[in-house]
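Quick note: the coordinates plus some simple rules give every number you see, no bench work behind them. None of the values given here were measured: they were computed from a predicted structure. Glycine gets a Cβ as well: all are built from the backbone with ideal geometry, and neighbour counts include every protein chain shown.
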Amino acid sequence: MSATVCPFIALATDSGKRLATANAAHACFAQRPAQPIELGHQERLCLSATFSGCPLFVAWAARKAALARRLCSALLNARAS
């Protein structure tokens, strides 16, 4: 995957494929279940190097960071016991 394209944009019917341009067949897999993405949003964010500013991408990153913190905390607590 290219660092200039969001890793979560893909065809709704095949999460392993995406088109090079904005298309109604795309969906956002940063959300579960994957959701359709407006064409303008795809052009401005998903299919550009600015994807990391997307609110959906930021929310995904925050969820993953929170999970990592919980797992680390649980591991440290288990070792301390």
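Please sort 31-39, 52-60, 65-73 by packing, taking for each peptide the average over its residues of neighbouring beta carbons within 10 angstrom, highest first.
Working: 31-39: 13.3, 52-60: 15.1, 65-73: 10.0.
The most tightly packed comes first, giving 52-60, 31-39, 65-73.
Only four residue types carry charge here, +1 at the Cβ of Lys and Arg and -1 at the Cβ of Asp and Glu. Report the dipole size of the chain about the Cα centre in Debye, rounded to the nearest 20.
On the way: 9 positive and 3 negative charges, 95 e Å.
With Lys and Arg at +1 and Asp and Glu at -1, about 460 debye.
Using θ = phi - 60° and the Karplus relation 6.51 cos²θ - 1.76 cosθ + 1.60, list the HN-Hα couplings for the range 30-37 in order, rounded to whole Hz, with x at every Gly or Pro.
Values, residue by residue: 6, 10, 10, x, 4, 10, x, 10 Hz.
Given 0.36 nm per residue, what is the gain on full extension from Thr50 to Leu75 after removing their alpha carbon distance, in nm? Provide the component values of the computation, followed by the final result.
Numbers: separation 25, 0.36 × 25 = 9.00 nm, distance 3.48 nm.
This chain segment gains 5.5 nm when fully extended.
Search the structure for amide H atoms under 5 Å from the amide H of Ala10, placed 1.01 Å from N in the peptide plane, and list their residues when 5 or more places away or on another chain.
Under 5 Å from the amide H of Ala10 lie the amide H atoms of Ala27, Phe29, each far enough along the sequence or on another chain.
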